[in-house]
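Q: Before we start, here is the structure in question, set down as C-alpha cells.
The values are calculated or read from the model by the stated rules, or taken from the named source; none is laboratory data. Since this is a predicted model, take the numbers as computed values, not measurements. Glycine also receives a Cβ, built like all others from the backbone with ideal geometry; neighbour counts cover every protein chain displayed. Quick note on the areas: whole protein, heavy atoms, side chains included, nothing else; ligands and nucleic acids left out. Shrake-Rupley method; radii C 1.70, N 1.55, O 1.52, S 1.80 Å.
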Amino acid sequence: MLITHANLITWEEPNRILPQHALLIQEGRIAEIGPQEELLARYPAEPQVDAEGQFVMPGNICAHTHFYGAFARGLAIPGPPPKDFPEILQKLWWPLDRSLREEDIRLSALVMLVDAIRHGTTTLIDHHASPNAIDGSLDIIAEAVAQSGLRAVLCYEVTDRDGLDKARAGIAENERFLRRLSQEKVAEGRVAATFGLHASLTLSEGTLDACRQAAPPGVGFHIHVAEHEADQYDSLAKSGRRVVDRLHQHGILGPNTIVAHAIHIDAREACLLAESGTQVTHQPRSNMNNGVGVAEVESLMRLGVNVCLGTDGFPHAMWEEWKTAYLLHKVWHRDPRRMNGYDLVRMAVYNNARLAGSFFPQSPLGVLVPGAHADLIFVDYHPHTPLTPENLPWHIVFGFHESQVTATMVAGKFLMRQRQLLTLDEAEIAEQARRQAPLVWERYYRQFEPNS
Ligand SMILES: [Zn+2]
C-alpha cells in the first residue's frame, strides 16, 4: 500500500517534517519513504491511500494505563468524598476491581481500546486487577487487543490486599500468561507482557520474594511507586527501607521494570532508579485528580532516567497528557520555563518509544523510518503559522487535538479510516457496556452495606 499526499512527521532524532511525501507499507512495516512523485513513479501498480495533505506521524504510545477502570466513569462514591489517595483506593478502586467478572474485564478493555484507536494511541502498557476473576483475565484482555488490532503490553497486578490465596493466584496468572507468550504469538505478535505488582504498600516481604522467583529471567516488573506518602510510611514500617530501596533489595528494579509515578521519592531513590536503568512513567492528569503531588520528572531526566508518559486510565488522548504536563509543572514551580516542549517530546515520544519498543524489538517502533512497524496516524491539522521540526512541540501543545485524528494504523492495517472504526463496533461495545455497568455498580455498592 502506498500512502500518498502526506506531510510526514517522522519523530526521528532529530525530527524531520517532509511535505508531499509517500510511504510504502508492506507486511506490517514501512518499506520505503520518499518524495511523492518518486514513489508514485516507482510503484505505479501499488494500491494507493490518499492522505490528502494531512500530517502522517507515528501513533502515540501510552506507557501506563488501566483498562479495568472503564466502569468507574460516572460512578458515585458513597459517603463523604475520599480525603486522600489511600481513601480513593479504599472507596473507589479496590471495591471496583473486586466487582469485575470475565465479561466486565472484556468490555472494559474493549471500551478503552475503542478510545485509544479514536485518539490515535497505538501501543498501550496496561496494568490489570480483578481479584475475583484472576485466572485467565490476561487472556480475555489479549483477545480484546487482538480484535482491536492495537499493540499492548499486559500484566496482572499481584497484591496481598485480598489475602494470600489471591496473591498466589496473581503470581500464577503472570507466570501462565508469560509462559503462553513464550510458546505462541498472541495477536500476531502485538501482545507482550510484564510481571505486574500493585504497589509496595500492599506487598509483603514474602510476596515480593515470591514474585522475584516466579518472574522468568529478562522479564521486568510493572509497579506503582510512591504515588502517595503512605507508600513510604508503609515501606519504612515493614522493612526499615524506603520504597525504591526496598524494591532494589528484592531485585525488582532494572531496565525492563516500569515504575509508575515516583512522586514521593528522595534523592537516593532517584539515583537508584537512574543507576538501575529503571523506567519511570509520569501521569500528570491522574496525579492532579488524586491530589498526590508532582513528580520531579525533569530532575529524573537530568539524572538519566528514561521518564515516559502514561494516562493511568484517563482517556488515551496522549496530547491531553502532554498539555497537562506542560501546564502543571509551570504552575507547580511558578516558573513558565519549566517543562518546555522538548522535555515533553523526550518523555512522550522518544522515551515512550524506547520503552514500548523494548517489548516489540523486531523493528523500530514510534518512528517513521524504513523497516519500522507501520503504526501511524493521520492528523487533519492546518496550521496558520509556520510549522517546523523546531516548533512542532508547541504546535502540538496549542494546536493539535485528538479530534483531528482521522486514521489509525497498526502493523500496516487501518483500525480507523476517515474517522470510521474498522475493527471494533463502537456503538455495539458502548451499548453492551451500558447494559453491563449496572451489574458492576451493584456489586460495587454491595460492598458498602453494613453486613458485607
Ligand atoms: Zn496506575
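Q: Check off (1) in contact with a Phe, Trp or Tyr (Cβ under 9 Å, 6 or more places away or on another chain); (2) among the hydroxyl-bearing types (Ser, Thr, Tyr); (3) open to solvent by 10 Å² or more (accessible area, probe 1.4 Å) for residue 239 and give me the number that stays unchecked.
A: (1)
Q: Kindly indicate whether residue 274 is of a type in the set (A, V, I, L, M), open to solvent by 20 Å² or more (accessible area, probe 1.4 Å), over 16 Å from the mean Cα position of the chain (by Cα) and more than 14 Å from the ligand (Cβ to nearest atom). I'd like the intermediate steps shown before the answer.
A: Working: of a type in the set (A, V, I, L, M): yes; open to solvent by 20 Å² or more (accessible area, probe 1.4 Å): yes; over 16 Å from the mean Cα position of the chain (by Cα): yes; more than 14 Å from the ligand (Cβ to nearest atom): yes.
Here the answer is yes, as residue 274 does meet what is asked.
Q: Still on this structure: Without any contact (Cβ under 8 Å) to a residue 60 or more places away in the chain and among the polar types (S, T, N, Q): is that true of residue 432 in this structure? Walk me through it before giving the result.
A: On the way: without any contact (Cβ under 8 Å) to a residue 60 or more places away in the chain: no; among the polar types (S, T, N, Q): yes.
Here the answer is no, as residue 432 does not meet what is asked.
Q: Answer yes if at least one residue in the stretch 319-327 is without any contact (Cβ under 8 Å) to a residue 40 or more places away in the chain and more than 16 Å from the ligand (Cβ to nearest atom), and no otherwise.
A: yes
So that you can scan it fast, the table gives a plain yes or no per residue for (1) touching a strand residue (DSSP E or B) at 6+ places or on another chain (Cβ under 7 Å); (2) among the hydrophobic types (A, V, I, L, M, F, W, C):
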site: 61; (1), (2): yes, yes
site: 77; (1), (2): no, yes
site: 84; (1), (2): no, no
site: 108; (1), (2): no, no
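Q: Looking only at the stretch 245-271, which residues are β-branched (Val, Ile, Thr) and open to solvent by 10 Å² or more (accessible area, probe 1.4 Å)? Can you show your working first?
A: Restricting attention to the stretch 245-271, the residues satisfying the condition of being β-branched (Val, Ile, Thr) are 252, 257-259, 263, 265.
If the condition is that a residue be β-branched (Val, Ile, Thr) and open to solvent by 10 Å² or more (accessible area, probe 1.4 Å), then 263, 265 are the ones that fit.
Q: So, one more: Can you tell me which residue is nearest to the ligand (Cβ to nearest atom) among those in the stretch 135-163 that are over 30 Å from residue 414 (Cα atoms) and crowded, with 24+ Cβ neighbours inside 10 Å? Break it down into steps so the answer makes sense when it comes.
A: Taking the stretch 135-163 first, the residues over 30 Å from residue 414 (Cα atoms) are 135, 157-163.
Then keep just the ones that are crowded, with 24+ Cβ neighbours inside 10 Å; that gives 157-158.
Details: 157: 9, 158: 14 Å.
So the residue we want is 157.
Q: While we're looking at this one, here's another question. Could you list, in sequence order, all residues of the stretch 277-292 that are within 12 Å of the ligand (Cβ to nearest atom) and surrounded by fewer than 17 Cβ atoms within 10 Å (Cβ to Cβ)? Break it down stepwise before answering.
A: First, pick out the residues of the stretch 277-292 that are within 12 Å of the ligand (Cβ to nearest atom): 281-283, 285-287, 289-290, 292.
Result: 289, single match.
Q: Right, here's the next one. Of the residues that sit in the stretch 40-67 and are free of Cβ contacts under 8 Å to residues at least 24 places away in the same chain and among the small types (Gly, Ala, Ser), which one is nearest to the ligand (Cβ to nearest atom)?
A: As a first pass, look at the stretch 40-67 and keep what is free of Cβ contacts under 8 Å to residues at least 24 places away in the same chain: 41-42, 44-45.
Retained after the next criterion (residues that are among the small types (Gly, Ala, Ser)): 41, 45.
On the way: 41: 50, 45: 48 Å.
Within the stretch 40-67, the match that is nearest to the ligand (Cβ to nearest atom) is 45.
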